[in-house]
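Enquirer: Below is one structure. I have some questions about it.
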Amino acid sequence: MGGPILDIRGLEKTYKGGTKALAGVDLTINKGEIFALLGPNGAGKTTLIGAICGLVNPTAGSIHAFGQNTAKSWREARRKIGLVPQELSFDMFDKVIRQVRYSRGMFGCPPDEARIEEVLRSLSLWDKRDAAIRELSGGMKRRVMIAKALAHDPELLFLDEPTAGVDVELRRDMWRQIDALRAAGVTIILTTHYIEEAEEMADRVGVINKGRILLVDDKDAIMAKLGRTEAHFTLATPLAEIPAAFAHYPLTLEEGGMRLVYRGGDGTGKGKREVAELAQTLAGAGVAYTGLETRESTLEDIFVDLVEQGAQEQAA
Amino acid sequence: MMNWRGATAILKNELARFFRTAFGSILSPVLTTSLYIVVFGAAIGGQMDPSQFGGASYGAFIVPGLIMLTLLSESTSNASFGIYMPKFTGAIYELLSAPVGVAETIFGFVGAAALKSLIISAIILITARVFVDYEIAHPVLAVGYVVMVAASFALFGFIIGLWADGFEKLQIVPLLILMPLTFLGGTFYSVQMLAEPWRTVAQFNPIFYLINGLRWTFTGSSDVPIGVAFGFTLAFLVLCVAVIAWIFRTGWRLRE
Ligand SMILES: Nc1ncnc2c1ncn2[C@@H]1O[C@H](COP(=O)(O)OP(=O)(O)OP(=O)(O)O)[C@@H](O)[C@H]1O
Ligand SMILES: [Mg+2]
């Protein structure tokens, strides 16, 4: 993995209505990595990407791409950047292949039919090349957007929620394609609401909320910190205390001893494994239960945790 | 460094969109204008006294005005529609994220819109020959002038397309301003035929100068000095370029 390909300092954006979508973002992206930007609705993900790609005028701060200030050397920077926006947006009446050629030309690349074919084939769109875009399914349309963004062979690719509204199979397909791009040396920044998507794809993960980056870390480290499992065992008879045999598990008793709660895990699957062990061994140890509910921590929990942490740190 | 490939890609894309709907977008203005020429020029015009129109037949007199009407409305609406559509569908994201600036965008969108209206005007001019006899006294100047007018109003339309935030606004200017002013600007009559105060009032209509400029290149005579007409068109062109340059610098209606 190389040095920084993108360096963002103190980036702010206040929209005309007064919404502060970015409140001082500092972020460095390394060459060759896949960076996942996680955040709830309205966190500022699309705004951040827009500011880097030229769709949004930042109110303050600076962006350096490929070592150059994008406000000054915007032409050079944009040639090497590709963008797949969140919304499907193109001339629906146009043909697939024409739209892809158009994108390549607009980014200043000479015509190259072989490359266009390659891009379309890699996205399983070659058979549909002469179809009008409006005749395609939603998933295919999204892939046309990706094909357009890849047509000029960008070194840095932004995917704004590439798998939103896409079925499981297609999502896996897309993950594979993103992986292939990484193998080809493309640096990728993607946004998502799905923690498992970040888990599957990313080298590093950033969490953004209310226009602030709350945390940036290696994926494994984040998953270890945040990938938690919660399991509720509803007991047949109340317990006064947790049996010693289970003391090494992160267990608590709630509801007057009627409920045994497991809260643990580190994002490696340890949480699920331990809950499975507990489910098997509790009965053997004489602790009967009538119900079991498990829940993986969601992104929302993570935000609540992070925001609370942030508030505590500020108070301290 | 201008991104010429980008500029021509936009131009080609816009022209392709035009030819995709060529049947309607060419046929309807050609048909409308031909009807004017047939009804007013050939049928009614035969009854008119040529001395009122600088010696030319009435049919030949109205041809430049009708060409101007086509040029103005087609250039304006093609360009405004051309840039409004990507704003409407969201496809503008690509333009904004691409290495294209004001020069490439103008070349592509405005160039295509002007070219379309020139193609339609040429077809009308050829069709008109079927119905009326006209001469073009200064063909080189006529072509130069027509290109300048097409470019100016395509620029104007581009600004309207950027300004518009709904389909109605796209229609307002061509329908409520350009069309009436063109009809009142002497397409069908010479201001010499008007009584005061209308003769003076007519001089405040900017399109009056455009029509008479073109008419001069056709017949060699018009109601205004040709220098004034050319100067006027050039000034309008420069103004539109300046406005567009300002728009791109500030990102008005383009970037958030
Ligand atoms: N064009 C705009 N004008 C005014 N406010 C905007 C505009 N675009 C976004 N916002 C506001 O800025 C904030 C951040 O929006 P943004 O689209 O960047 O969020 P996001 O993280 O991409 O959300 P989502 O996950 O829903 O796509 C929101 O409060 C949003 O309402
Ligand atoms: Mg978004």
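The values are calculated or read from the model by the stated rules, or taken from the named source; none is laboratory data. Owing to the predicted nature of the structure, the values given are computational and were not obtained by experimental measurement. Cβ placement follows ideal geometry from the backbone for every residue including glycine, while neighbour counts extend to all protein chains displayed. Just so you know, the surface numbers come from the protein's heavy atoms only, side chains and all, with ligands and any DNA or RNA stripped out. Shrake-Rupley method; radii C 1.70, N 1.55, O 1.52, S 1.80 Å.
Enquirer: Based on the inverse mean of 1/r over its pairs of different Cα atoms, what is the Kirkwood hydrodynamic radius of chain A, in Å? Can you show the working numbers first?
Expert: Values: mean 1/r = 0.0456 Å⁻¹.
So the Kirkwood estimate lands at 21.9 Å.
Enquirer: If you don't mind, another one. Any idea what the relative contact order of chain B is, in percent, if you count C-alpha pairs under 8 Å spaced at least 6 apart?
Expert: After rounding, I find 27 percent.
Enquirer: To the nearest Å, what is the center-to-center distance of segment B:158-235 and segment A:132-201, using C-alpha atoms only?
Expert: Distance between centres, Cα-based: 52 Å.
Enquirer: What whole-number distance in Å separates the alpha-carbon centres of segment A:17-85 and segment B:63-127?
Expert: For segment A:17-85 versus segment B:63-127, the Cα centre distance is 32 Å.
Enquirer: When the Cα atoms of segment B:5-138 are enclosed in a convex hull and the volume is divided per residue, what value in Å³ results?
Expert: 117 Å³
Enquirer: Here's another thing I want to ask about it. Grab every C-alpha pair in segment A:224-280, bin the distances at 10 angstrom width from 0 up to the longest one, and report whole percents.
Expert: So the P(r) values, bin by bin, are 24, 54, 20, 2.
Enquirer: Show the residues, 5+ positions off or on another chain, whose built amide H is closer than 5 Å to the amide H of residue A:34.
Expert: A:188, A:203, A:204
Enquirer: If each Cα of the protein assembly as shown is one equal point scatterer, what is log10 of I(q)/I(0) from the Debye formula at q = 0.05, 0.08, 0.10 Å⁻¹?
Expert: Relative scattering, expressed as log10 I(q)/I(0), comes to -0.34, -0.68, -0.90.
Enquirer: Ignoring ligands, DNA and RNA, please state the percent of accessible area on segment B:2-154 from carbon and sulfur, probe 1.4 Å.
Expert: Answer for segment B:2-154 is 73 percent, counting heavy atoms of protein chains only.
Enquirer: Roughly what angle does helix B:22-36 make with the longest principal axis of chain B, taking Cα atoms, 0 to 90 degrees, to the nearest 10?
Expert: Compared with the principal axis, the helix lies near 20 degrees.
Enquirer: What shape does segment B:174-222 take by its C-alpha gyration tensor, where a ≥ b ≥ c are the square roots of the eigenvalues and a/c under 1.5 counts as rounded, a/b above b/c as prolate, and the rest as oblate? Walk me through the intermediate numbers first.
Expert: Details: a/c = 2.09, a/b = 1.11, b/c = 1.87.
Oblate, since a/c reaches 1.5 and b/c is not below a/b.
Enquirer: Give me the lysines in straight-line cross-link reach of residue A:148: C-alpha distance below 17 Å, same-chain residues under 8 apart excluded.
Expert: A:80, A:95, A:128, B:12
Enquirer: What is the projected area of the convex hull of the Cα atoms of segment A:158-232, averaged over all directions, in nm²?
Expert: Quarter of the Cα hull surface area: 6.4 nm².
Enquirer: Okay, next question. Diagonalise the Cα gyration tensor of segment B:123-256 and give the resulting equivalent ellipsoid semi-axes, square root of 5 times each eigenvalue, largest first, whole Å.
Expert: Result for segment B:123-256: semi-axes of 30, 18, 16 Å.
Enquirer: I'd like the GluC sites (Glu not before Pro) in segment A:167-266 restricted to DSSP loop residues with at most 15 other Cβ atoms within 10 Å, sorted by number. Please report the intermediate quantities before stating the final value.
Expert: On the way: sites: A:169, A:196, A:197, A:199, A:200, A:230, A:241, A:254, A:255; in loops: A:241, A:255.
In loop regions of segment A:167-266 (DSSP not H, G, I, E or B), the sparsely surrounded GluC sites (Glu not before Pro) are A:241, A:255.
Enquirer: OK, next. Once you keep just the Cα pairs under 8 angstrom separated by 6 or more residues, what percentage relative contact order results for segment B:130-256? Intermediate results must be reported in sequence, preceding the final value.
Expert: Numbers: 103 pairs, mean separation 44.9, N = 127.
It rounds to 35 percent for segment B:130-256.
Enquirer: Take the Cα radius of gyration of segment A:1-136 and divide it by 2.2 N^0.38 Å, with N its residue count; two decimals is plenty.
Expert: Dividing the Cα radius of gyration by 2.2 N^0.38 Å gives 1.22.
Enquirer: Enter the accessible area of residue A:193 (Å², nearest 10), with the probe set to 1.4 Å and all protein chains included.
Expert: Only protein atoms counted, so the area is about 60 Å².
Enquirer: Pull up all non-local amide H partners of residue A:61: gap of 5 or more, or a different chain, and H-to-H distance under 5 Å with H placed in the peptide plane.
Expert: A:12
Enquirer: Could you grab the relative contact order for chain A? Cα pairs under 8 Å, six or more apart, rounded to a whole percent.
Expert: 19 percent
Enquirer: Counting partner chain Cβ atoms within 10 Å of every residue's Cβ in B:85-97, what's the average?
Expert: 6
Enquirer: Checking the cross-link filter: which lysines have an alpha carbon closer than 19 Å to that of residue A:270, excluding same-chain neighbours under 8 positions apart?
Expert: A:219, A:225
Enquirer: Now a separate question. Just the Cα atoms of chain B, one point each, no solvent: what log10 I(q)/I(0) does Debye give at q = 0.08, 0.10, 0.12, 0.13 Å⁻¹?
Expert: Computed log10 I(q)/I(0) values: -0.32, -0.50, -0.70, -0.81.
Enquirer: While we're here: How about residue A:16: which lysines have a C-alpha closer than 29 Å to its C-alpha, ignoring those fewer than 8 places off in the same chain?
Expert: The qualifying lysines are A:45, A:72, A:210, B:87, B:169.
Enquirer: Give me the residues in segment B:228-256 whose solvent-accessible area, probe 1.4 Å, is reduced by at least 10 Å² once all protein chains are included instead of the chain isolated.
Expert: B:250, B:255, B:256
Enquirer: For chain B, set up a Gaussian network in which alpha carbons nearer than 10 Å are linked by springs, and say which option among B:130, B:102, B:147 fluctuates the most.
Expert: Sorting by GNM fluctuation, first place goes to B:130.
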